[in-house]
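Novice: First the structure, then my questions, so here it is.
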Amino acid sequence: MQNPAGDARHTEQIDAHGLKALRLRACGSEAVVYLHGAQVASFRTSEHGELLWVSEKAVYAAGKAIRGGVPICFPWFGAHPTQSELPAHGFARTSSFRFEGSEIHGDNVVATLLLESSPQTQPLFAHDFRARLRVQLGRELSLQLEVENTGADAFDYEVALHTYLGVSDVRSVELEGLAGASYDDKVTGERGCRQPDGPLRFVGETDRVYDSSARISVIDRARQRRLIVDKIHSSTSVVWNSWFEKAKRMSDFGDDEWPGMLCVEAANVSPHAVRLAPETRHATTTIISAETL
Ligand code: BG6
């Protein structure tokens, strides 16, 4: 790890809410990443403040995913396709990753965290893999999850970088970038819907899986900022807000917090699940940034 005296760019190992974490600092930006789930819980810039949302009721404990930031959904998204007793969104978000090290690249700090298949993961996912999250902090925050098949057989996996953006009020923001895209609506159960022209506005519980690899931006006039989610090798975009009834049913989500978050997730979900032959790898990347309006 490099930590040159007097240089703003560095990585520090810290304890946060009783868990091991990293604080990354670059010029004008800072991020916190837990080893638990390799979960980014904060990304703040001097210009735009905090860009992510974390619930005040989030639980920081083994076996529980932190409610907010950027949980990693892997190796499946949502309920397991055949075994409903397995954890929703896979096991990465509740697994301990290993901090491999960090480096400085130009104006950026890059930290890598690793999760490998083990006797604990085998009963859940009977394949050998290496999943490496590369967290690159600069003016933007780039998260790249690279999965490598280290076994002898091909396998399929799903992935979502489940970003909880912080917004002033989800009822007054507009989301751009999905016009014309087809989506499955998990609230109504309708499939193959088409997003009309114009921005998407939020008037109720929203849980949609879009067939789209486009840039998404969220216009938040009250905060005078545009939040931008770019993607690389991600064919699915998930958009989620719980609204009030679902928030009430979740013990790690304050009843009145739902207007302050909007999930925009860079994903590869069935039918875009990733098929990996032995000794091959695939990386899904999301890049989060903000602009002043
Ligand atoms: C979204 C899903 O990605 O995550 C929603 O599309 C789900 O259906 C939400 O409710 C939160 O999931 P969880 O498991 O963290 O409560």
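Novice: Expressed as a whole percentage, what fraction of the accessible surface of the chain belongs to carbon and sulfur atoms when a 1.4 Å probe is rolled over the protein heavy atoms?
Specialist: Accessible surface attributable to carbon and sulfur in the chain totals 44 percent.
Novice: Right, another one. For the chain, take the convex hull of the Cα atoms, compute a quarter of its surface area, and give me that in nm², please. All intermediate terms of the calculation are to be shown ahead of the outcome.
Specialist: On the way: hull surface 60.0 nm².
Projected over every direction and averaged, the Cα hull of the chain covers 15.0 nm².
Novice: Can you return the lysines within cross-link range of Lys186? Criterion is Cα-Cα under 19 Å, with same-chain partners fewer than 8 residues away left out.
Specialist: Lys246, Lys248
Novice: Suppose only helical runs count, i.e. DSSP H with n ≥ 4. What mean residue ellipticity at 222 nm does that imply for the chain under -39500 (n - 2.57) per run, divided by all residues and rounded to the nearest 500 deg cm²/dmol?
Specialist: Working: 1 runs with 7 residues, N = 293.
Using -39500 (n - 2.57) per qualifying helix, the result is -500 deg cm²/dmol.
Novice: Next question, about the same structure. Starting from the Cα of His272, step 7 Å along the direction of its Cβ; do the same at Glu56; then give the gap between the two resulting points in nm.
Specialist: The modelled label-to-label distance comes out at 3.6 nm.
Novice: Is segment 172-228 best put as rounded, prolate or oblate by its Cα gyration tensor, with a ≥ b ≥ c the root eigenvalues, rounded for a/c under 1.5, and otherwise prolate when a/b is larger than b/c, oblate when not?
Specialist: Prolate, because a/c is 1.5 or more and a/b exceeds b/c.
Novice: Using the C-alpha atoms of segment 20-118, what convex hull volume per residue, in cubic angstrom, is computed?
Specialist: Working: hull volume 11.4 nm³, N = 99.
Measuring per residue, one finds 116 Å³ for the Cα hull of segment 20-118.
Novice: Quickly work out the Ala152-to-Ala126 label distance, labels modelled 7 Å from Cα along the C-beta direction, and quote it in nm with one decimal.
Specialist: 1.4
Novice: Right, next: Contour minus end-to-end for Glu103 and His17, with contour as 0.36 nm per residue of separation and end-to-end as the Cα-Cα distance?
Specialist: 28.4 nm
Novice: Additional query: How big is the convex hull of the Cα atoms of segment 245-293, per residue, in Å³?
Specialist: Given the Cα convex hull of segment 245-293, per-residue volume reads 178 Å³.
The values are calculated or read from the model by the stated rules, or taken from the named source; none is laboratory data. The model shown is predicted, which means the values in this text are computed figures rather than measured ones. Because the Cβ atoms are built from the backbone with ideal geometry, glycine has one as well, and the counts that use them run over all protein chains shown. Surface accessibility is based on the protein's heavy atoms, side chains included, excluding ligands, DNA and RNA. Shrake-Rupley method; radii C 1.70, N 1.55, O 1.52, S 1.80 Å.
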